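> Sharing a structure below in C-alpha cells format, with a few things to ask.
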There are 2 protein chains.
Amino acid sequence: MVSKEEVVFSVISRDLDAVVLMNAVEPNLDSCFFYATGLTAGLFEGCIAILEPRRIEVITSELESLSASDAGIKISVFENGQDRAKIMKKKLSRYSKIGINARELTVSNHKLIKKLSGGARLIDVSKELSRARMIKQPDELTRIKKACQIASKTCDSIPDMVEEGMTETEASAELIYRMMKLGASSPAFDSTVAFGAKSAEPHYAPSPTRRLRKGNFALFDFGASYKRYVSDITRTFVCGPPSKRQKDIYETVLEAQEAAIDAIEDGVSGAVVDEAARDVIDSSRFSGRFIHSTGHGLGVSVHDPGSISSANDMTLMEGMVLTVEPGIYINKYGGVRIEDDVLVTKNGCRVLTSCSKDMRRL
Amino acid sequence: MVSKEEVVFSVISRDLDAVVLMNAVEPNLDSCFFYATGLTAGLFEGCIAILEPRRIEVITSELESLSASDAGIKISVFENGQDRAKIMKKKLSRYSKIGINARELTVSNHKLIKKLSGGARLIDVSKELSRARMIKQPDELTRIKKACQIASKTCDSIPDMVEEGMTETEASAELIYRMMKLGASSPAFDSTVAFGAKSAEPHYAPSPTRRLRKGNFALFDFGASYKRYVSDITRTFVCGPPSKRQKDIYETVLEAQEAAIDAIEDGVSGAVVDEAARDVIDSSRFSGRFIHSTGHGLGVSVHDPGSISSANDMTLMEGMVLTVEPGIYINKYGGVRIEDDVLVTKNGCRVLTSCSKDMRRL
C-alpha cells in the first residue's frame, strides 16, 4: 500500500522539506492530520504530524500516546506546552521550507510553527492536500463502504422505526441507535430529522417537541462514522398518503438525482453534473427551489474536499467519493432531498449507499 | 439580558471597530461564532458574524438563512463565494481595526478578511473572547444545566442498560439513545466507552468487537448537547465483584475528585485545585498515573476556555463552568475516571451533574 505521505508528496510539485499539520482545540482539528496518520481513535488536540516524503511522525500528548503507538506510528510524547515547544523546536528547526494546511491551521498555530521552526518559510499546500485527499486509497474506501453500508441498512429500517406522533429527536435517537448497533463508531454528524415545514431547512436540527403528523414530509439526513471515515445519506418520506404536490416534488427531485448520477464519470466536469440535476428542477414548476450545490466530497470528514457545483467547478476523477443530493425546498411548506454517496469510476460511478429511493410512507 | 456583543466588548480594552468571526468548513467552525450569535440550529460553514459594541450581524449562505432569521438575527444572505466576497467587502471596508479570534480562525480566512477589509489592522482578541466565554450568562447556564440533567439521568441508568457480554459500541449506542430520548439534540462528543485494559486510554474510541467481561473496569465518558451547549460526565463501573486493587484505584480517584471539588471557590487558583486532586493520587501507590489536567471549561464547546491545571493556571471565578475529572490509568490493566461538571460560586461550587459516585457493579 502506498503511504499517505507518499501520496501527499506526489501531488506537491514545490520543493519542500516537510509538511506540518497541527490540531488546535476541538472542534478545530485538522482533518488532514487524521487523513495522513490514519489514526482511528483519540482526539489529538494540540498534536502535530510531521510528514517527510517517506516518513511520518506524530508529536502527541501523553493522553493520546497509547492510541498513536497502537497504530504503529513513530511518536514523540510531550507532557505540557513547554515540553511540546521544546520538541517542536528540535524537530522543526531542521527545515527551511515547511508546507502547511492554511485551510485548517489556525492563525495562532501558524505563528507558533513560524516561531519554533526558527523562521522557516511556511508555504500553503492546502490545495495539494485537498487534491491528495480527493482520490481515495483502498484503505479509505474500505472504511467508507462500511460506513455507507451501515447508513443504508439503517435507512431501510426507517419505516419500521418511525411513526406518526414521534418527535424529531426521538426519530433521530432511533437512527443513531440503529447505526451504532450495526457497528458505527459514532454518528458522522448531527443528524437532520425534519418534519413538515422544517424539511425546507437543509441544515435544520431536530426538535424534541415537533411531532410527525399526517401529511408531513419527513426528511432524514444522517451518516455513520466508521474508523473516522463517514457516510452521508438523505431520504424523504411522507406520513400517510402523499398529496399530488408532494408526489410532484418527490418525483422531480428523484429525476434530478438520477440525472446527476447518470452524468458522473471520470473526466466529466462537476458543473456539468450539477447542471444535469439543476436543469430537471429548473425546468419544472419548482424552478429556483434547489438552493445548494449538488454534492460534496466525502471521506475522513463529512465535507471532504471536492464538490459537484457550478460555483466550484472541478473535473471528477476515478477514485473520488462524492455525495449526490439535489433537493427542492419550499419555505413554510416543506422540502425533499435525496442523497447517495458515489465512487467515480472510469465509465460512470458506483453508488455506495443502497437504500430504496421509492417514495415511501411512514 | 446583556447581549453577547456587549459582553465581548466589555472585556476588550483595546480600541476596535468590530470583531469578525468566520467559520471555515466543518470541523473548523469558530465556537465563538455560535457563542456570540446564540444560534442553535444550522452548520454555518463559511459564514461570518460581525460584532459591534451594540449590534450583531451574520453573513450567511442561503442554506442557513432560515435558521438564522428564525433566531431574530440581522442577516445578509450570499448565494456563492463571489457574492460573499462582495458583501464582506462592503461591510468590512468600513473598519480600520478589526478584532479576530486567532485561536479558531484559519490562516486562509485570515487572509480573506485582510484582503476584503482593504487592509484593516487585524488584532487578535482570542484571549478576550475566551475570557468573555468563561463567565456563563443566564441563557447559557439554562442550556448547560439541561444538558447536565440529561447526561446525569442517562448515567444513572447505565446499570440497567449495560451487562456482561455487550460490546463497547452497543453500550455507547444505549447511552446516546437514552440521552436523545431525554431531549438531547445530539451527543456532545464521541463517547468513550472502554472496557478492561482500554479504560487506561483517556480518549479511546469504542470498539464493535470488544465485549464486557467479568472483572473489567467499564469507563463511560459522554455528554449531551442541548441547543448547542454541552455536558461532559464520566463514571467507571466494574463488571462483577471488584478486586481489592480495583477498589483501591476507585477510592483514590473518588477521594481526589472530592478534594478538588472541595477546593473550588471564587478566587482560588486552578493550580491549587489541580494540586488538591493530584496530591491525593501522588501520595497513593498510584503516584504519577494521573496523566492529564483536572478539568476544562464547558459551554458551547466541550473544551471551552478555562482549565483546572497547573500548566495553564488561572483564577477560578463565580459563573465559570468547569469539569472536575481526575483519573488513574494503568497501561495494559485499566483505569478509572470520575467526572462532574460544576458551576463556580462565591463560596464554593454547585455540582451540575447528579449521578451517583458509589462504586457500582454491572
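> So how tilted is helix A:270-282 from the main axis of chain A? Cα-based, degrees 0 to 90, rounded to 10.
That works out to roughly 20 degrees.
> Once you've got the GNM for chain A with C-alpha springs shorter than 10 Å, pick whichever of A:Q82, A:Q246, A:Q257 has the biggest mean-square fluctuation.
Answer for the Gaussian network model of chain A: A:Q82.
> Also, I was wondering about something else. Would you grab the residues whose amide H sits under 5 Å from the one on A:G306? Only those 5+ places off in sequence or on another chain, please, with H modelled 1.01 Å from N.
A:G297
> Amide H to amide H under 5 Å from A:I123: which residues, 5+ apart in sequence or cross-chain, H placed 1.01 Å off N in plane?
Under 5 Å from the amide H of A:I123 lie the amide H atoms of A:I98, A:G99, A:I100, each far enough along the sequence or on another chain.
> Need one number: % antiparallel among DSSP beta bridges in the range B:10-126, to the nearest 5.
Given both bridge residues lie in the range B:10-126, the antiparallel proportion sits at roughly 45 percent.
> Which ³J(HN,Hα) values, rounded to whole Hz and listed in residue order, are derived for the range B:234-251 from phi using the Karplus coefficients 6.51, -1.76 and 1.60 in 6.51 cos²θ - 1.76 cosθ + 1.60 with θ = phi - 60°, glycine and proline given as x?
3J(HN,Hα) across the range B:234-251, in whole Hz: 9, 9, 10, 10, 10, 8, x, x, x, 7, 4, 5, 4, 4, 4, 4, 4, 5.
> Related question: For B:R94 and A:R213, what does the FRET efficiency come to when R0 = 45 Å and r is the distance between their Cβ atoms, rounded to the nearest 0.05?
For B:R94 and A:R213, the calculated efficiency is 0.45.
> Need one number: convex hull volume per residue for chain B, Cα atoms only, in Å³.
Convex hull volume per residue, Cα atoms: 135 Å³.
> Divide by every residue of chain B the summed helix terms, -39500 (n - 2.57) for each DSSP H run of at least 4, and state the resulting mean residue ellipticity at 222 nm, rounded to the nearest 500 deg cm²/dmol.
Taking each H run of at least 4 residues, the total per residue is -10500 deg cm²/dmol.
> Order B:186-199, B:128-141 from most to least packed using the mean count of other Cβ atoms within 10 Å.
Final packing ranking: B:186-199, B:128-141.
> Which residues' amide hydrogens lie under 5 Å from the amide hydrogen of B:G335, considering only partners 5 or more residues apart or on another chain, with H built in the peptide plane?
B:S199, B:A200, B:I330
> Follow-up. Could you work out how far helix B:107-116 tilts from the main Cα principal axis of chain B, as a 0 to 90 degree angle to the nearest 10?
Taking the Cα atoms of chain B, the angle to B:107-116 is about 20 degrees.
> Here's something else I'd like to know. Where the only charges are on Cβ atoms (+1 Lys, Arg; -1 Asp, Glu), what is the dipole of chain A about its Cα centre, to the nearest 20 debye?
Approximately 680 debye in magnitude.
> Now for a separate question. Taking chain A as a Gaussian network, Cα atoms linked when under 10 Å apart, which of A:L182, A:L63, A:L39 shows the biggest mean-square fluctuation?
A:L63
> Give the Kirkwood hydrodynamic radius (Å, one decimal) of the range A:240-362, defined as one over the mean of 1/r across all pairs of different Cα atoms.
14.6
> Give the nm distances, rounded to one decimal, from A:E52 to the matching residue in every other copy, measuring between label points 7 Å along Cα toward the beta carbon; shortest first.
5.4
> A further question follows. How charged is the neighbourhood of A:S172? Take every other residue with its Cβ under 12 Å from the Cβ of A:S172, and add Lys/Arg as +1 and Asp/Glu as -1.
-2
> Follow-up. Going 7 Å from Cα along the Cα-Cβ axis for the label, what nanometre distances separate B:S354 from the same residue across the other copies?
B:S354 label point versus its equivalents elsewhere: 4.7 nm.
> What are the ³J(HN,Hα) couplings of the range A:88-94, residue after residue, when phi is run through the Karplus curve with 6.51, -1.76, 1.60 and θ = phi - 60°? Round to Hz, x for glycine and proline.
Residue by residue, the range A:88-94 yields 4, 4, 4, 6, 7, 6, 6 Hz.
> With every protein chain in place, what's the accessible area of A:M359 (1.4 Å probe, Å², nearest 10)?
Near enough 60 Å² of accessible area.
> For chain A, which cysteines have no disulfide-compatible partner, meaning no other cysteine Cβ under 4.7 Å?
If one checks each Cβ against the other cysteines of chain A, A:C32, A:C47, A:C148, A:C239, A:C349 turn up with nothing under 4.7 Å.
> Can you tell me the Rg and Dmax of the range B:138-351, counting just the alpha carbons, in angstroms?
Expressed in Å, the Cα Rg and Dmax of the range B:138-351 come to 16.5, 47.
> Label points 7 Å out from Cα along the Cβ direction at A:N331 and A:D156: separation in nm?
It works out to 4.0 nm between the two label points.
> For a test of understanding, tell me how many lysine pairs in the range B:4-133 have Cα atoms under 21 Å apart, given they are 8 or more places apart or on different chains.
Here the count comes out as 28.
> Using a 10 angstrom cutoff on alpha carbons, build the Gaussian network for chain A and name the most mobile of A:I144, A:I261, A:I87.
Sorting by GNM fluctuation, first place goes to A:I87.
> Compute the acute angle (0 to 90°) between the alpha-carbon long axis of helix A:168-181 and the principal axis of greatest extent of the alpha-carbon atoms of chain A; round to the nearest 10°.
60
> Which whole number gives the average count of other chain Cβ atoms within 10 Å of the Cβ atoms across peptide B:105-115?
5
> Calculate the FRET efficiency for B:K357 and B:D70 from the Cβ-Cβ distance with a Förster distance of 35 Å, rounded to the nearest 0.05.
0.30
> With θ set to phi - 60°, apply the Karplus curve 6.51 cos²θ - 1.76 cosθ + 1.60 along the range A:56-63 and write out the HN-Hα couplings as whole Hz, x wherever there is a Gly or Pro.
10, 9, 10, 9, 10, 6, 4, 3
> Moving on. Given labels modelled 7 Å from the Cα in the Cβ direction, how far is it in nm from B:K115 to A:E79?
For the pair B:K115/A:E79, the computed spacing is 4.5 nm.
> Further question: Within 10 Å of each Cβ in B:172-179, how many Cβ atoms from other chains are there, averaged over the peptide?
5
> Cα-Cα over 19 Å: which of B:K227/B:K357; A:K214/A:K247; B:K146/B:K181?
B:K227/B:K357
> Scale the Cα Rg of the range B:45-115 by the rule-of-thumb value 2.2 N^0.38 Å and send over the ratio, two decimals.
Taking the Cα Rg and dividing by 2.2 N^0.38 Å, one obtains 1.09.
> Taking just the C-alpha trace of the protein assembly as shown, give me its Rg and Dmax in Å.
So, for the protein assembly as shown, Rg and Dmax equal 24.8, 75 Å respectively.
> Cut-off 12 Å, label point 7 angstrom out along Cα-to-Cβ of B:D313: give me the residues of the range B:256-287 whose amide nitrogen falls inside.
The answer is B:269-275.
> Within 10 Å of each Cβ in peptide B:269-282, how many partner chain Cβ atoms are there on average? Round it to a whole number, please.
The mean count of partner-chain Cβ atoms within 10 Å per residue comes to 0.
> Using only the alpha carbons of the range A:4-133, what is the convex hull's orientation-averaged projected area in square nanometres?
Taking a quarter of the hull surface, the average projection is 6.8 nm².
> Restricting things to Cα coordinates, could you compute the convex hull volume per residue of the range B:190-276 in Å³?
Given the Cα convex hull of the range B:190-276, per-residue volume reads 127 Å³.
> Which distances, shortest first and in nm, link B:K74 to the matching position in the other copies, using label points set 7 Å out along Cα to C-beta?
Distances between equivalent label points, in nm: 5.5.
> Can you classify the range B:111-242 as rounded, prolate or oblate using the Cα gyration tensor, where a ≥ b ≥ c are the square roots of its eigenvalues, rounded means a/c under 1.5, and otherwise it's prolate if a/b beats b/c and oblate if not?
Prolate, because a/c is 1.5 or more and a/b exceeds b/c.
> Can you put B:E57, A:E79, B:E251, B:E52 in order of accessible area, largest first, using a 1.4 Å probe?
Correct descending sequence by accessible area is A:E79, B:E251, B:E52, B:E57.
The values are calculated or read from the model by the stated rules, or taken from the named source; none is laboratory data. The model shown is predicted, which means the values in this text are computed figures rather than measured ones. So basically every Cβ, Gly included, is an ideal-geometry build from the backbone, and we count neighbours across all protein chains shown. When the accessible area is computed, the model is the full protein with side chains, heavy atoms only, and any ligands, DNA or RNA have been set aside. Shrake-Rupley method; radii C 1.70, N 1.55, O 1.52, S 1.80 Å.
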